[in-house]
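Have a look at the structure below before the remarks.
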Amino acid sequence: MSRCVCGARAKYDSSCLRCLASGRHVAHHGNYASSPRLWSHNVQTHYHPPAGLFTKSAEQIARELLHGADSPGQAIRRLQFYINRAGRNLSDKDGARLHHAMRLLQQQM
């Protein structure tokens, strides 16, 4: 066991659960986005959207996500995962279009 920057004992060299849980990981341990321990890196999926799906209109996105999903809920989760992964790199225009697709999917429930 080593010590974290915050003083807690850490199982790994550069992180402790206390810093990760409190959101202090960014301030104490450098660039959080480049950390290999992000939860999204461990998501196992067998779904791969068609190339360019998220650049289409909201109606087309909703239609294609519904077509490839078992339920509207699954389609919503897939779209939300994409929105979360895009994060700050998502422009306001793209974000509005994707949120409109989300509302269309929610109406299907």
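No lab work stands behind these numbers, since they all come straight from the coordinates. Just so it is clear, the model here is predicted, and its values are computed rather than measured. So basically every Cβ, Gly included, is an ideal-geometry build from the backbone, and we count neighbours across all protein chains shown.
In which sequence would 102, 109 go, from the one with the fewest C-beta neighbours within 10 Å to the one with the most?
Least to most surrounded, the residues fall as 109, 102.
How are the C-alpha pair distances of the range 43-107 spread across 5 Å bins, as whole percents from the shortest bin up?
Percent of Cα pairs in each bin: 3, 19, 32, 28, 14, 4.
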